[in-house]
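The values are calculated or read from the model by the stated rules, or taken from the named source; none is laboratory data. The shown structure was predicted, so the numbers you read here are calculated from the model rather than taken from an experiment. As a convention, Cβ positions derive from the backbone with ideal geometry for all residues, glycine included, and neighbour counts pool all protein chains shown. Surface areas here come from the heavy atoms of the whole protein model, side chains and all, with no ligands, DNA or RNA. Shrake-Rupley method; radii C 1.70, N 1.55, O 1.52, S 1.80 Å.
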Amino acid sequence: MTLRFIAKDPATDGRDCPAAWVEDEAEEILFQGWKPTEETLAKCRDTGPIPETEAVVRIPFRMFPAIREACDVAERGRLR
């Protein structure tokens, strides 16, 4: 697995914070984020169940540049 680090949340301490990676072989983008509250999860489940193999994470808007970069990196990788 080739996991490429993109960025961490610029407004945090750089350790335990939202982050983004690109995994080229699986063609996936990975995100680390904060766990939502049970109330938020309940609202998410209004649209359907969340399987045990999936998770909901909270990502702040200030991470948009990192998300865009991860998308660009992933897209460029597919064009090679």
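What the table below lists for this structure:
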item	result
Amide proton proximity set for residue 7, modelled H, under 5 Å, gap of 5+	20
Label-point separation, residue 55 to residue 13 (7 Å along Cα→Cβ), nm	2.0
Paramagnetic reach from residue 44 in segment 1-30 [backbone N under 16 Å; point 7 Å along Cα→Cβ]	18-19, 30
Highest-MSF residue in the chain out of 52, 23, 38 [GNM, Cα springs under 10 Å]	52
Dipole magnitude (debye, nearest 20) for the chain, charges at Cβ of Lys, Arg, Asp, Glu	280
Accessible area of the chain belonging to carbon and sulfur atoms, whole % at 1.4 Å probe	53
Listed candidates (i) 3, 14, 21, 19, 18, 16, 7, 1, 0; (ii) 3, 15, 26, 26, 17, 8, 3, 1; (iii) 3, 16, 18, 14, 11, 9, 9, 6, 5, 4, 2, 1, 0 - label of the one calculated as P(r) over Cα pairs in 5 Å bins from 0, in percent	(i)
Loop-resident sites, segment 1-74, for chymotrypsin sites (Phe, Trp or Tyr not before Pro), counting at most 12 other Cβ within 10 Å (DSSP)	none
Average accessible surface area per residue within the chain, 1.4 Å rolling probe, Å²	77
